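Everything on this sheet refers to the single structure shown next.
No value in this document is a laboratory result; all are computed from the given coordinates. Just so it is clear, the model here is predicted, and its values are computed rather than measured. Cβ atoms come from the backbone with ideal geometry, glycine included; neighbour counts cover every protein chain shown.
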């Protein structure tokens with residue numbers, strides 16, 4: 001490698017189908033303008049020099065000399081990167097042979113504590129670097145459905161399902177409901193997706209009727225054309241998952257919001273969707289009072305084409 005090489009991956013929001021997507025249910029997801037970029041450049045010495053940054057600065061720095069990191073007590077981030085590189089090397093031995101002497105810079109254009117698929121975008125970036133199938137790499141290091149990986153390399157809103165070995169990804173034009181009456185806000189928490197996946201797969205056993213209902217709700221949420229229609233389907237969606245998960249929906253602690261509230265992805269953290277007839281400028285004082293920020297419209301958060 002003589003010249004720097006760059007790859008880009010979009011973050012994501014899962015609008016509908018969370019949890020049940022792990023059992024093959026249809027989901028609706030948005031690729032975002034927030035994501036990560038990887039730059040590769042030559043580096044002196046027989047090691048991989050890695051840095052990860054966001055708008056607040058460099059938050060991670062490490063050196064690797066496979067099969068391990070160049071430090072005595074590797075942390076969780078070190079081990080995840082090692083697993084990724086080793087898995088990519090198994091898929092493409094030529095990649096493994098040429099790793100040494102590489103500088104890797106991964107830059108997020110958003111604060112990484114927002115979540116938004118920082119792990120899945122990294123998997124996608126390493127897959128691009130290693131020239132391997134992203135979904136094959138994903139299944140080697142993750143238990144998720146892969147919807148977030150689908151978002152990483154696309155710019156259009158999409159429908160996604162993963163049943164057995166079959167993955168379906170289809171672009172969709174969302175209805176006016178979500179485009180004109182939905183707001184997306186960070187709740188100030190970072191939920192562990194892996195922990196939530198493990199817990200759900202161990203304890204939940206959704207019925208075929210639940211999966212069929214989720215398929216229907218996903219289509220209705222994605223295509224709703226009015227605020228009232230979108231609110232109605234969001235409430236049905238939250239009620240279904242509350243029953244399956246045996247948890248209170250997010251709306252139970254935000255009862256005074258003038259509209260419908262929906263968790264996005266793992267319940268209890270990251271982002272939520274707020275559906276209301278009121279324009280963003282009118283409803284912002286409510287978010288300030290709850291100390292929920294930042295807040296984005298659909299057009300402010302969706303990936304550019």
- Message: Contact order normalised by length for the chain, with contacts defined as Cα pairs under 8 Å and 6 or more residues apart; what percent is it?
- Response: 23
- Query: Expressed as an acute angle from 0 to 90° and rounded to the nearest 10, what is the orientation of the C-alpha long axis of helix 193-203 relative to the principal long axis of the chain?
  - Reply: 60
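For n ≥ 4 DSSP H runs only, could you compute -39500 (n - 2.57) per run for the chain, divide by its residues and tell me the 222 nm figure to the nearest 500? Display every interim value, and only then the final one.
Numbers: 11 runs with 115 residues, N = 305.
So the calculated ellipticity at 222 nm is -11000 deg cm²/dmol.
Treat the count of other C-beta atoms within 10 Å as a stand-in for reagent exposure and order 118, 155, 27 from fewest to most. If you can, show how the numbers build up before the last one.
Values: 118 22, 155 15, 27 26.
Final ranking by Cβ density, sparse to dense: 155, 118, 27.
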- Item | Degrees between helix 227-245 axis and first principal axis of the chain (Cα, 0 to 90, nearest 10) | 70
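Listing 159, 13 from the residue with the fewest other Cβ atoms within 10 Å to the one with the most, what is the order?
Result, fewest neighbours first: 159, 13.
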- For the residue 97, residue 219 Cβ pair and Förster radius 45 Å, calculated FRET efficiency rounded to 0.05 is 0.45
- Query: So for the pair residue 290, residue 171, with labels modelled 7 Å out along Cα→Cβ, what separation do we get in nm?
  - Reply: 3.4
- By counting other Cβ atoms within 10 Å of each Cβ, how are 141, 261 ranked from fewest to most? 141, 261
- Note on the structure: Expressed in nanometres to one decimal, the distance between label points 7 Å along Cα→Cβ at residue 76 and residue 297 is 3.6
- Taking the chain as a Gaussian network, where each spring joins two C-alpha atoms under 10 Å apart, which residue of 279, 174, 134 fluctuates the most? 279
- Note on the structure: dims of the range 82-138, Cα set, principal axes, largest to smallest, nearest Å -> 34, 26, 16
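Considering only DSSP beta bridges whose two residues both sit in the chain, what percent are antiparallel, to the nearest 5? It would help to have the intermediate numbers written out before the result.
Working: 48 of 54 bridges.
Roughly 90 percent of the DSSP beta bridges within the chain come out antiparallel.
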- Full-extension gain in nm, residue 39 to residue 65, via 0.36 nm per residue minus C-alpha separation: 7.5 nm
- Query: Using alpha carbons only, how many degrees (0 to 90, rounded to 10) separate the axis of helix 118-130 from the longest principal axis of the chain?
  - Reply: 40
- Binned at 10 Å starting from 0, the alpha-carbon pair-distance distribution of the range 176-301 in whole percents comes out as 12, 43, 35, 10, 0
- Task: Give, in whole angstrom and from largest to smallest, the semi-axes √(5λ) of the equivalent ellipsoid of the chain, with λ running over the eigenvalues of the Cα gyration tensor.
- Result: 35, 21, 17
